[in-house]
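Read through the structure below, which is laid out as structure tokens, and then see the notes.
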């Protein structure tokens, strides 16, 4: 699975892309990311899967999905 990082998340992890072998639900992915990358532990972010923001923690994710971690942002 390819995970793209943006904004402050990209800065914290010092990379724009993470590659993981993962199949499971969104909550499982968040748990795995926090375990592997403690820098994410206190960060707020939304998750987009294949360019659609996902809110359901039970949403199933497959290894072929492209996931993006999106930090909070505001427009003006």
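The values are calculated or read from the model by the stated rules, or taken from the named source; none is laboratory data. In this text, all values refer to a predicted model and were calculated from it rather than measured experimentally. Cβ coordinates were reconstructed from backbone atoms using ideal geometry, including for glycine residues, and neighbour counts include every protein chain displayed.
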### Query
What tally of residues in the stretch 24-44 results from selecting those that are crowded, with 16+ Cβ neighbours inside 10 Å, farther than 18 Å from residue 60 by Cβ and modelled with pLDDT of 95 or more?
1
### Task
Determine whether the stretch 19-29 contains at least one residue that is under 11 Å from the mean Cα position of the chain (by Cα) and within 13 Å of residue 68 (Cβ to Cβ).
yes
### Task
Scan the stretch 40-66 and report the pairs whose first residue is on the phi < 0 side of the Ramachandran plot and without any contact (Cβ under 8 Å) to a residue 12 or more places away in the chain and whose second residue is surrounded by 11 or more Cβ atoms within 10 Å (Cβ to Cβ) and not in a loop (DSSP other than H, G, I, E, B), with Cβ atoms within less than 6 Å and a gap of 6+ or a chain change.
41/34
### Task
Taking residue 60 as the residue in question, decide whether it is surrounded by fewer than 16 Cβ atoms within 10 Å (Cβ to Cβ) and closer than 14 Å to residue 1 by Cα.
yes
